Amino acid sequence: MNAASVLPPRYFNFAPFRGAAGHGALALMYHQLLRPRRDSPLRGLCVAPELFRRQLAELRAAGLTAVSPADAYAEKANSRVVITFDDGFANVLTGAVGTLRENNFTAINYLVADRLGKTNDWDAPLGEPPAPLMDVAQVRDWLAACQSIGAHTLTHPHLTRIPLAQARAEIFDAKKKLEDQFGVAIEHFCYPYGGFNETIRGFVIEAGYRTACGTAPGIVNADADRFSFPRFLASHRRPGAAAWLPFVPARWL
Ligand SMILES: [Zn+2]
């Protein structure tokens with residue numbers, strides 16, 4: 001791998017990432033497992049379950065193993081993938097569990113603690129059709145399938161645009177609420193919209209989370225910031241070659 005290498009800005013298939021995956025863990029960001037709808041402004045966040053199945057089969061065939069966000073930082077974390085889902089959509093339970101099991105992979109789903117069993121109301125102002133989020137029983141099914149959960153706040157706000165006390169409560173209370181409800185440690189956090197600053201990051205650390213992820217693309221290695229680790233958005237489309245990004249391992253933290 002040299003400085004002239006390039007990577008797509010989104011993840012569609014493994015081939016362009018093969019070299020970069022030798023430098024650390026590849027974290028993938030999924031949202032809905034749903035065939036993209038023409039009337040959905042956020043269809044770029046949808047991957048059909050059949051494509052998800054092909055993407056995971058390819059990762060397994062390439063020799064990657066799926067790990068938790070905390071395990072992405074090991075000294076030799078290459079050949080590892082962190083499979084993440086944002087928002088806790090119900091179609092992830094139906095669309096992902098069988099595929100994850102087939103490949104012996106685990107994934108983490110970042111839940112919006114006050115929206116379980118409701119819909120993605122935070123996307124409504126964009127004209128996005130509402131989609132059901134997992135309810136408490138469905139989250140239990142997800143956990144029973146040996147999958148894990150993290151926190152994605154209480155209500156999915158832009159954490160840097162609300163009063164600090166409110167942002168702090170969104171971070172602290174989501175952890176406590178999910179821990180009380182499901183009886184598992186909530187150790188991983190996901191910033192809504194990838195938005196954070198030093199104060200917000202500090203709240204996440206103070207609350208006792210072990211990692212947090214944003215939405216910037218990059219490879220996770222031992223030097224990466226545990227409280228803003230990068231991810232590639234998994235896409236239903238192959239990105240155009242013009243959009244590819246220069247890959248310089250030392251800068252891709
Ligand atoms: Zn989200």
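Out of (1) in contact (Cβ under 8 Å) with a residue 24 or more places away in the chain; (2) of a type in the set (A, V, I, L, M, F, W, C); (3) outside any strand (DSSP E or B), what's the single condition that is false for ILE83?
(3)
Here is a yes/no grid of residues against (1) within 16 Å of the ligand (Cβ to nearest atom); (2) modelled with pLDDT of 95 or more; (3) within 20 Å of VAL47 (Cα to Cα):
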residue: LEU100; (1), (2), (3): no, yes, yes
residue: ASN103; (1), (2), (3): no, yes, yes
residue: ASN109; (1), (2), (3): yes, yes, yes
residue: ARG115; (1), (2), (3): yes, yes, no
residue: PRO130; (1), (2), (3): yes, no, yes
residue: LEU133; (1), (2), (3): yes, yes, yes
residue: GLN147; (1), (2), (3): no, yes, yes
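For the stretch 192-204, how many residues meet the condition of being farther than 16 Å from ASP173 by Cβ and either touching a strand residue (DSSP E or B) at 6+ places or on another chain (Cβ under 9 Å) or assigned to a strand (DSSP E or B) (or both)?
Residues meeting the conditions: 3.
Looking at the stretch 72-79, is at least one residue within 15 Å of the chain's Cα centre (by Cα), in a loop (DSSP other than H, G, I, E, B), crowded, with 19+ Cβ neighbours inside 10 Å and of a type outside the set (S, T, N, Q)? Outline the logic, then answer.
Our first condition is that a residue be within 15 Å of the chain's Cα centre (by Cα); within the stretch 72-79, this holds for 72.
Adding the requirement that they be in a loop (DSSP other than H, G, I, E, B) leaves none.
Within the stretch 72-79, none of the residues are within 15 Å of the chain's Cα centre (by Cα), in a loop (DSSP other than H, G, I, E, B), crowded, with 19+ Cβ neighbours inside 10 Å and of a type outside the set (S, T, N, Q).
Condition first: within 15 Å of the ligand (Cβ to nearest atom), surrounded by 16 or more Cβ atoms within 10 Å (Cβ to Cβ), in contact (Cβ under 8 Å) with a residue 60 or more places away in the chain and assigned to a helix (DSSP H, G or I). Can you find one or more residues in the stretch 149-164 that meet it?
Checking the stretch 149-164: not a single residue is within 15 Å of the ligand (Cβ to nearest atom), surrounded by 16 or more Cβ atoms within 10 Å (Cβ to Cβ), in contact (Cβ under 8 Å) with a residue 60 or more places away in the chain and assigned to a helix (DSSP H, G or I).
In the stretch 86-98, what count of residues is obtained for those that are within 16 Å of the ligand (Cβ to nearest atom) and either surrounded by fewer than 24 Cβ atoms within 10 Å (Cβ to Cβ) or outside any strand (DSSP E or B) (or both)? First the steps, then the outcome.
Within the stretch 86-98, the subset within 16 Å of the ligand (Cβ to nearest atom) is 86-92.
Applying the additional criterion that residues be either surrounded by fewer than 24 Cβ atoms within 10 Å (Cβ to Cβ) or outside any strand (DSSP E or B) (or both) yields 88, 90-92.
Residues in the stretch 86-98 being within 16 Å of the ligand (Cβ to nearest atom) and either surrounded by fewer than 24 Cβ atoms within 10 Å (Cβ to Cβ) or outside any strand (DSSP E or B) (or both): 4 in total.
Out of the stretch 191-201, which residues are free of Cβ contacts under 8 Å to residues at least 40 places away in the same chain and surrounded by 14 or more Cβ atoms within 10 Å (Cβ to Cβ)?
From the stretch 191-201, those free of Cβ contacts under 8 Å to residues at least 40 places away in the same chain are 191, 193-199, 201; that's our starting set.
Of everything in the stretch 191-201, those that are free of Cβ contacts under 8 Å to residues at least 40 places away in the same chain and surrounded by 14 or more Cβ atoms within 10 Å (Cβ to Cβ) turn out to be TYR191, TYR193, GLY194, GLY195, PHE196, ARG201.
When residues of the stretch 205-227 are filtered for being in a loop (DSSP other than H, G, I, E, B) and either charged (D, E, K, R) or touching a strand residue (DSSP E or B) at 6+ places or on another chain (Cβ under 6 Å) (or both), how many remain?
Let us first name the residues in the stretch 205-227 that are in a loop (DSSP other than H, G, I, E, B), namely 208-210, 214-218, 221-227.
From what is left, the residues that are either charged (D, E, K, R) or touching a strand residue (DSSP E or B) at 6+ places or on another chain (Cβ under 6 Å) (or both) are 209-210, 217, 223, 225-227.
Qualifying residue count for the region: 7.
Which residue is nearest to VAL92 (Cα to Cα), if the candidates are limited to the stretch 124-148 and must be touching a Pro at 6+ places or on another chain (Cβ under 8 Å) and in contact (Cβ under 8 Å) with a residue 60 or more places away in the chain? It would help to see each step written out before you state the result.
Restricting attention to the stretch 124-148, the residues satisfying the condition of being touching a Pro at 6+ places or on another chain (Cβ under 8 Å) are 124, 126-128.
From what is left, the residues that are in contact (Cβ under 8 Å) with a residue 60 or more places away in the chain are 126-128.
Details: LEU126: 22, GLY127: 21, GLU128: 18 Å.
The residue in question is GLU128.
Look at LEU51 and say whether it is touching a residue at least 12 places away in the same chain (Cβ under 8 Å), buried (at least 22 other Cβ atoms within 10 Å of the Cβ) and not in a loop (DSSP other than H, G, I, E, B).
Working: touching a residue at least 12 places away in the same chain (Cβ under 8 Å): yes; buried (at least 22 other Cβ atoms within 10 Å of the Cβ): no; not in a loop (DSSP other than H, G, I, E, B): yes.
So LEU51 does not fit the description; no.
Which ones in the stretch 165-190 are more than 17 Å from the chain's Cα centre (by Cα) and not in a helix (DSSP H, G or I)?
Scanning the stretch 165-190 gives GLY183, VAL184, ALA185.
Which one of these is buried (at least 17 other Cβ atoms within 10 Å of the Cβ) and assigned to a helix (DSSP H, G or I): ALA27, ALA21? Break it down into steps so the answer makes sense when it comes.
Values: ALA27 fails: assigned to a helix (DSSP H, G or I).
Within the list ALA27, ALA21, the selection yields ALA21.
The values are calculated or read from the model by the stated rules, or taken from the named source; none is laboratory data. It should be emphasised that the depicted structure is a prediction, and the values quoted were computed from it without experimental measurement. Cβ sites come from the backbone with ideal geometry, for glycine too, and all protein chains shown count toward neighbours.
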